[in-house]
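Reviewing the structure listed below.
The values are calculated or read from the model by the stated rules, or taken from the named source; none is laboratory data. On a predicted model such as this, the values are computed, not experimentally measured, just so you know. Glycine also receives a Cβ, built like all others from the backbone with ideal geometry; neighbour counts cover every protein chain displayed.
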Amino acid sequence: MADILYTVEKSCVVCDKKFTVTKMRNRLSMVKQDSDFCTYYKEANPYYYSIWVCPHCGYAAQDTYFEEQPAKMAAVKAFLKGRDVKVNFGGERSRQDAVTTYKLAIFFADLAGTLPSRQASLYLKLAWLYREGGLPDEEKAMLDQARAHYEEAFLKERLPIGNMSQITLEYLIGELLRRTDRLPEALNYLAKVVGNPQAKNEKRVLEMAREAWTLARDARKEQAAQGKTDDGNDDMPGT
């Protein structure tokens, strides 16, 4: 790990004090990627180091926007005022360390008025950490939170969101619905992708949407066979 990790000095946007953050070099070898874009690497897990935490005041945020002023800076400073913070997440992190940093970042993202899409990304990556740790209940709860925030972002934010087009975002929401067993809603979202002529411009996402739609349909049929729900439409859009 020593050849992958390195440190840089940053200033906290909340308390203005300097501190050292641990970053990971961009020379990792991808092994595979899950259908909700969780990516696995040979050398280490970069999600462990995506959250920066100020050891002086305790403020935590995603590395890519840590240095941005929180929309509700007054609320953040009021919460942190007078608190004796004794946290230091510098150096090599364990999975539990990473989980703790994401929980902190999620708390401050909500307090600071962070965009729903950014909060969704935090919940999604926390779900991936729970997946890595073999904690399916915790994973599913965080996937559901990610889905809810992405749906809010879809309604309130301008597209594209980050590197996600409308096609990709609709697919991801549908896939998160499928993974959290909300099958009718998943089928609706995935059908939008499969039936959208513009999806042909994003062939990989289109193929993933088709596969996810088939999985959701089969799961719904299984539920219907067990008397848990009514069977739905078996026809894939565009077929």
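Restricting attention to region 186-213, the residues being closer than 23 Å to Arg131 by Cα and either surrounded by fewer than 23 Cβ atoms within 10 Å (Cβ to Cβ) or within 17 Å of the chain's Cα centre (by Cα) (or both) number 3. Whether any residue in region 148-164 is surrounded by fewer than 18 Cβ atoms within 10 Å (Cβ to Cβ), at pLDDT below 95 and within 17 Å of Ala109 (Cβ to Cβ) is what I want to check. For region 148-164, residues surrounded by fewer than 18 Cβ atoms within 10 Å (Cβ to Cβ), at pLDDT below 95 and within 17 Å of Ala109 (Cβ to Cβ): present. Entry remark, region 61-77: residues being part of a loop (DSSP other than H, G, I, E, B) and either surrounded by 22 or more Cβ atoms within 10 Å (Cβ to Cβ) or touching a strand residue (DSSP E or B) at 6+ places or on another chain (Cβ under 9 Å) (or both) number 4 in total. Just the residues that are modelled with pLDDT of 95 or more and either of a type in the set (Gly, Ala, Ser) or over 13 Å from Tyr49 (Cβ atoms) (or both), please, taken from region 81-98. Ser94, Gln96, Ala98, listed by residue number. Of note, Tyr47 satisfies the criterion of being under 15 Å from the mean Cα position of the chain (by Cα) and at pLDDT 95 or above.
Can you find even one residue in region 67-84 that is touching a residue at least 12 places away in the same chain (Cβ under 8 Å), under 26 Å from Arg147 (Cβ atoms) and among the aromatic types (Phe, Trp, Tyr)? Within region 67-84, not a single residue is touching a residue at least 12 places away in the same chain (Cβ under 8 Å), under 26 Å from Arg147 (Cβ atoms) and among the aromatic types (Phe, Trp, Tyr). Region 11-60 holds strands (runs of 3 or more DSSP E) entirely within its bounds, and those carrying 3 or more residues that are without any contact (Cβ under 8 Å) to a residue 12 or more places away in the chain map to 30-33. Only residues that are farther than 25 Å from Pro55 by Cα and either surrounded by 22 or more Cβ atoms within 10 Å (Cβ to Cβ) or in contact (Cβ under 8 Å) with a residue 60 or more places away in the chain (or both) were counted in region 129-145, giving 4. Is it the case that region 104-123 has a residue that's among the basic types (Lys, Arg), at pLDDT 95 or above, buried (at least 16 other Cβ atoms within 10 Å of the Cβ) and more than 17 Å from Ile51 (Cβ to Cβ)? Scanning region 104-123 turns up no residue that is among the basic types (Lys, Arg), at pLDDT 95 or above, buried (at least 16 other Cβ atoms within 10 Å of the Cβ) and more than 17 Å from Ile51 (Cβ to Cβ). Annotation note: of Ala120, Ala98, Ala109, the sole residue that is over 18 Å from Ile173 (Cα atoms), of a type in the set (Gly, Ala, Ser), assigned to a helix (DSSP H, G or I) and in contact with a Phe, Trp or Tyr (Cβ under 7 Å, 6 or more places away or on another chain) is Ala98. Hey, any hits in region 129-136 for a residue that's in a loop (DSSP other than H, G, I, E, B), in contact with a Phe, Trp or Tyr (Cβ under 9 Å, 6 or more places away or on another chain) and of a type in the set (A, V, I, L, M, F, W, C)? Scanning region 129-136, I find no residue that is in a loop (DSSP other than H, G, I, E, B), in contact with a Phe, Trp or Tyr (Cβ under 9 Å, 6 or more places away or on another chain) and of a type in the set (A, V, I, L, M, F, W, C), so the answer is no. Quick check: is even one residue across region 147-162 in a loop (DSSP other than H, G, I, E, B), over 20 Å from the mean Cα position of the chain (by Cα) and without any contact (Cβ under 8 Å) to a residue 60 or more places away in the chain? Checked against the condition, which is being in a loop (DSSP other than H, G, I, E, B), over 20 Å from the mean Cα position of the chain (by Cα) and without any contact (Cβ under 8 Å) to a residue 60 or more places away in the chain, region 147-162 yields no hits at all. Hey, could you check region 16-60 for residues that are of a type in the set (Gly, Ala, Ser) and more than 15 Å from Ala127 (Cα to Cα) and say which is surrounded by the fewest Cβ atoms within 10 Å (Cβ to Cβ)? That would be Ser29. Taken over region 176-191, residues that are acidic (Asp, Glu) and closer than 15 Å to Asp218 by Cβ amount to 1.
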